[in-house]
Amino acid sequence: MKPSTMVLAAAAMAVLASPAPAQLRNSPAPDQVAGRVAYTEKAIHRIESNYMACLASGNSGVIESAIAHSVRMRWAIPSARLEDLRSALVTLAASGSTPAIRYKAYLAGLVFDAPVMFTEEGSLKYKWDEDLFDAVSARAQKALLGCNSGSPDAR
């Protein structure tokens with residue numbers, strides 16, 4: 001055999017013996033255990049900084065989505081220390097560019113301040129961000145304003 005043919009054959013055998021890139025992409029990450037991501041302090045800090053960047057965006061849709069994801073993160077990792085994110089939500093609640101942003105940031109702040117009040121809402125899955133905010137708003141209204149069982153509108 002010619003030397004170039006031997007080199008080609010050796011290279012082909014080496015490629016066939018190694019895992020394909022698609023197999024590597026689909027294999028579980030080392031920090032995942034039984035389908036759940038093991039959140040490290042570094043990963044939480046990275047996620048928080050990404051949400052902070054989204055909250056500072058000029059696009060109101062991006063901001064509203066980041067607010068919803070911040071709430072989901074608080075529910076997913078209740079022990080995480082997210083002071084910077086909480087501070088950004090307070091700022092948005094006071095001076096967000098639209099009334100929707102201010103209201104959603106206020107609701108998210110309630111979740112951050114009193115996560116126990118929203119335990120039931122945190123265990124549910126929401127198809128749309130609006131459903132999440134509706135659920136948080138309804139719980140806040142019941143908890144903060146009270147529910148008069150004698151009124152015709154009480155559920």
Calculated SAXS-style log₁₀ I(q)/I(0) at q = 0.15, 0.20, 0.27, 0.28 Å⁻¹ - region 45-107, Debye, Cα scatterers: -0.37, -0.67, -1.21, -1.29
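Run the numbers for Gln141 and Thr119: contour at 0.36 nm per residue of separation, minus the present Cα-Cα distance, in nm.
On the way: separation 22, 0.36 × 22 = 7.92 nm, distance 1.50 nm.
Between Gln141 and Thr119, full extension yields an extra 6.4 nm.
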J(HN,Hα) series, region 115-131, from Karplus relation 6.51 cos²θ - 1.76 cosθ + 1.60, nearest Hz, glycine and proline x: x, 5, 5, 10, 4, 5, 5, x, 8, 9, 9, 10, 6, 10, 4, 4, 5
Full-stretch length increase - Glu83, Asn50 - with 0.36 nm per residue and alpha-carbon distance subtracted: 10.5 nm
Heavy-atom accessible area ranking, 1.4 Å probe, most first, across Val62, Val90, Val116: Val116, Val90, Val62
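Within a Cβ distance under 11 Å of Ile63, other residues only, what is the Lys/Arg minus Asp/Glu net charge? Mind showing how you got there, number by number?
Numbers: positive: Arg102, Lys104; negative: Glu64.
Cβ neighbours under 11 Å give a net charge of +1.
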Solvent-accessible surface (1.4 angstrom probe) belonging to Ser57, in square angstrom, nearest 10: 40 Å²
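Would you list Lys125, Lys104 from the most to the least accessible area, probe 1.4 Å? Walk me through the numbers before you get to the answer.
Values: Lys125 190, Lys104 15 Å².
Accessible-area ranking of Lys125, Lys104, largest first: Lys125, Lys104.
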³J(HN,Hα), Karplus 6.51/-1.76/1.60, whole Hz, each residue of region 57-63, x for Gly, Pro: 5, x, 9, 5, x, 5, 5
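The values are calculated or read from the model by the stated rules, or taken from the named source; none is laboratory data. The structure presented is a predicted model; accordingly, all values stated were derived computationally and were not measured. Methodologically, a virtual Cβ is constructed for each residue, glycine included, from the backbone with ideal geometry; neighbour enumeration extends over all protein chains shown. All accessible areas refer to the heavy atoms of the entire protein, side chains included, with ligands and DNA or RNA removed. Shrake-Rupley method; radii C 1.70, N 1.55, O 1.52, S 1.80 Å.
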